[in-house]
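The block underneath contains the structure these notes are about, expressed in structure tokens.
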Amino acid sequence: MGGAEDLGAPASQEERLRRLAGAFESRFGRPPSAVAAAPGRVNLIGEHLDYNEGHVLPVAIDRSVMVAFASRPDRRVRLYSLDFEQESAFHLDEIEKDPEVPWSDYVRGVARALREAGHRLSGLDAALQGDVPVGAGLSSSAALEVAALGAFEAASGLRLDRRDLALLGQRAENCFVGVACGIMDQMAAALSRAGHALLIDCRSLEYEAVPLPLEDSPSGGGAGLRLVVADSGVRRALLESQYNLRRQECQRAAELLAAAIADRPVTALRDVGAEDLARHGDSLPPNLLKRARHVVEEERRVLLSVEALRAGDVEAFGEMLNASHRSLRDDYEVSSPELDLLAELAWAQAGVLGSRLTGAGFGGCTVSLVRAEAVEAFREGVVARYCVETGREGRMYVCRAADGLRLHRFG
Ligand code: GLA
């Protein structure tokens, strides 16, 4: 039987920086010049909307990937991971995957993406360490890509627009690592602001920081809320095939609707409204109608959520989270019995304003908005109970809303 273990507070940033700099020095025989750090993320609402060109509302969390680095006079890149106790090296003029050391592919991928975008890179020694749980749907890979981009940028004397940097991370993941993700995770890792969520328009890539009413946010006021991430302990087995299938279904639904809606162009489900679906829904097979309905309603929920947050109406925001879960469960069909159980236990728990699965689905985590004084009861009533009922290793993280990519210089 699993236990309701809490990973506890993450090690302090200073402590991690010191340990990483020490490891760099003993490995490479010189001190690092700086550390690039990029966070994981939890998506509050706007699920499976990025590749449909809609709006999303992720939050960067206080768990990150750190890359300590110093440039080299040649074109070699040497990497060492403290977590995997593994190294990997490559030459900037010959970047291929390393099947023996898969984590290094994210760094290789961003180097390749930078080079293909025409940037001149210098070689690098780098030591890496992270505390974003891997495979839990909290975007440890985007954190690694964005931190590695920050390291190459600083070591090579480049100045990249943060949006372009996020696009390079996505390109590395799509074209080099071979995972068809959208732009949300890299934008969140690159551009978030502490105490805020990041509203992203995934068509124009415009973005805006939205203050969160969390107890520890500068903008939090007296709202006394916490963001609690509950990890189902289920790693996402079906994820890749089902994710790609959902993308294809949405594209097909958009094509069919474009043919039916004569009065304006429809290039993505973003362009479709509830009235269009009411009028032209019968041009879609039933499963595509369900997918489209999720996208259309979720887009509306994101915009209403931002309005509710701005108005301080946290109850209305919580309702949006719950409705999002139901839609992901019934219409988009990316939930699982474990995620449903976590959400249902949270809905029944006093002091929980809202709860839903977060990220791609098929495993991973839920996110809940919980009154600060109800967090301990959540641990018992939701996570411990989940562990007893399923026999799985559920965990919870109480998250702060953190900054995106940061560079820490020494001395
Ligand atoms: C994964 C992808 C994101 C996004 C979410 C679903 O996290 O990496 O781009 O599509 O799933 O919202």
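Structure data summary
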{"item": "Amide H contacts of ALA194 (H built 1.01 Å from N, under 5 Å, at least 5 apart or other chain)", "result": "ASP403, GLY404"}
{"item": "222 nm mean residue ellipticity, helices alone, for the chain (DSSP H n ≥ 4; -39,500 (n - 2.57); rounded to 500)", "result": "-12000 deg cm²/dmol"}
{"item": "Inter-part distance where the range 116-144 and the range 32-71 are each reduced to a Cα centre, Å", "result": "10"}
{"item": "Label-point gap, in nm, between ASN174 and ARG235 - each point 7 angstrom along Cα→Cβ", "result": "2.7"}
{"item": "Charged-residue dipole, Cβ positions (Lys, Arg, Asp, Glu), the range 145-232 about Cα centre, Debye nearest 20", "result": "120"}
{"item": "Those residues of the range 19-61 whose amide nitrogen sits under 13 Å from the label point placed on LEU407, 7 Å along Cα→Cβ", "result": "33-37"}
{"item": "Dipole magnitude of the chain, debye to nearest 20 (Cβ charges: Lys/Arg +1, Asp/Glu -1, about Cα centre)", "result": "900"}
{"item": "Only Lys, Arg (+1) and Asp, Glu (-1) charged, at Cβ; the range 237-345 dipole about Cα centre in debye", "result": "320"}
{"item": "Tensor-based shape of the range 8-140 (alpha-carbon gyration tensor, a/c under 1.5 rounded, otherwise prolate or oblate)", "result": "oblate"}
{"item": "Segment ALA311-ARG247, extension gain: residue separation times 0.36 nm, minus the distance between their alpha carbons", "result": "19.7 nm"}
{"item": "Dimensionless Rg/Rh of the chain - Kirkwood Rh, Rg from C-alpha atoms", "result": "0.98"}
{"item": "Inter-probe distance in nm under a simple model that places probes 7 Å from Cα toward Cβ, at ASP330 and GLU87", "result": "5.7"}
{"item": "Burial ranking of peptide ranges 349-357, 323-331 (average Cβ count within 10 Å, highest at the top)", "result": "349-357, 323-331"}
{"item": "Gap separating the Cα centres of the range 331-408 and the range 280-306, nearest whole Å", "result": "24"}
{"item": "Net lengthening on full extension, GLU206/GLU14 (0.36 nm per residue, minus Cα-Cα)", "result": "65.9 nm"}
{"item": "Kyte-Doolittle mean at least 1.0, axial Cα span of 20 Å or more - DSSP H helices of the chain", "result": "140-155"}
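Every read-out reported here was derived from the displayed coordinates using simple, explicitly stated rules and does not represent laboratory data. Please read these numbers as outputs of a predicted model, since none were measured by experiment. Note: ideal-geometry Cβ built from the backbone for every residue, glycine included; neighbour counts use all protein chains shown.
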